[in-house]
Amino acid sequence: MAKNGFSTGPWQSAANRFRSGGTRPVAAHPNPIVGRRRLGAELRKLRESKGMTARHAAEALMVSQPKLSLLENGHRAVKPRDVRDLCALYGVEDRQFVDSLIHMARESGRQGWWNTFGDVPYGAYIGLEAAATSLRSYDPLVIPGLLQTPAYARAVIAGTIPRATAEQIDAHLRVRLRRQDRLTGPSRPLRLRVVLDESALWRAVGGADVMRAQLEHLAVMSARPNVTLRVLPHGAGAHPGVSGQFSLLEFAGGTDPGVVYLERFSSDVYLDKPSEVAEYETAYGLIRHRAAEPDATGRFLTEAAERYAGAGCRADGPCPSSVRRTRRAAHDGQGDDERCGRSTAARRAG
């Protein structure tokens, strides 16, 4: 990822082409979400090459500064008319270059495959995920969507969107399962690295049978060469991830900046400033360092699945009965699980 200077490849920046008088057009990206981000970045570099602030550019075009910021950040589709007006304002005379930006605007307005399933509130994230080559995530509460079984995913969707109709739940489920093709498809599989908090293993989503099948599925998926799973034991204590879930998405060739995605209840947050991405990369490294290695994680999954197999716990129960017995034993002085919240597998992992 080039954080300073300009690329010398086919994605040479707009600002550098403009200053040097180059005529190389900018190619559109097949993914509309990525296309918006690329186009917005090109427009921002053009403005900066003229030494113009966002406020002055917005005033000259008689639009609000927030609208211009949304366009430049790729959070809003750019109309061809907007591109034409902005290029005129910035004094861009290269017709071929302007035409390529207008073409990018048209292409970025296309619908992604996820739009065929109706209104998907996190469509922007799906678009980024579909184009990413690498995804690192810390998940403290539930199994990440890319690794969920259909039964587990349905229970999560129904529980987290309580007003959803059966049809809406089905649509969300189909989208989630379609996303998983990135891991198993024959072409360009996504490199997935997950740190999963131990709490997610004992949150009995859907009941004991669903959880057992889910944990067995995790064991199978983590054996794939493009998937790495680590469990973060309760005994790891405080760490940078206590504030919540986050994901780091990276893209091929360094032509698109990395993105941090923060999933929230009513809205999501996307961060792409190099300093912000660097902070989360550091946080992920610290969390990963405290997590169990893949072999020890396999023991976590095996033990948890075995306990669910014999637990018969209710769907709304906090954990299998065997875990409750372990905690009672710890309280009686036979172990330290109650004090540190760790399972036997966590103690084995160190």
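The values are calculated or read from the model by the stated rules, or taken from the named source; none is laboratory data. As the structure is a computational prediction, the values presented were derived from the model and not from experiment. Please note: Cβ atoms are built from the backbone with ideal geometry, for glycine as well, and neighbour counts cover all protein chains shown. These area figures cover heavy atoms from the full protein model, side chains too; ligands, DNA and RNA do not enter into them. Shrake-Rupley method; radii C 1.70, N 1.55, O 1.52, S 1.80 Å.
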Practice task
First compute the accessible area of segment 43-173 with a 1.4 Å probe, then give the percent of it belonging to carbon and sulfur atoms.
Solution key: 53 percent
Completion exercise
For 197-207, 84-94, 263-273, ranked highest to lowest by mean beta-carbon neighbours within 10 Å, the order is 197-207, 84-94, 263-273
Exercise for the section: Between Thr302 and Thr184, with labels modelled 7 Å along Cα→Cβ, what's the label distance in nm to one decimal, could you check? Expected result: 2.4 nm
Handout entry: Per-pair calculated FRET efficiency, R0 = 51 Å: Thr53 and Glu281 via Cβ, rounded to 0.05
Key = 0.95
Completion exercise
Two pseudo-spin positions, 7 Å from Cα along C-beta at Asp99 and at Thr133, lie apart in nanometres by 3.1 nm
Handout entry: Added length on full extension, which subtracts the Cα-Cα distance from 0.36 nm per residue, Thr160 to Arg81
Key = 24.4 nm
Exercise for the section: Mind checking which aspartates and glutamates have their Cα closer than 12 Å to the Cα of Lys45? Skip sequence neighbours fewer than 8 apart in that chain. Expected result: Glu72
Exercise for the section: Tell me the label-point distance for the pair Asp209, Lys273, using the 7 Å Cα-to-Cβ offset, in nm and rounded to one decimal. Expected result: 5.1 nm
Completion exercise
Residue-ordered couplings for segment 218-234, obtained by feeding phi - 60° into the Karplus form 6.51 cos²θ - 1.76 cosθ + 1.60 and rounding to whole Hz (Gly and Pro as x), are 4, 4, 5, 5, 5, 7, 5, x, 9, 10, 10, 10, 10, 9, 9, x, 4
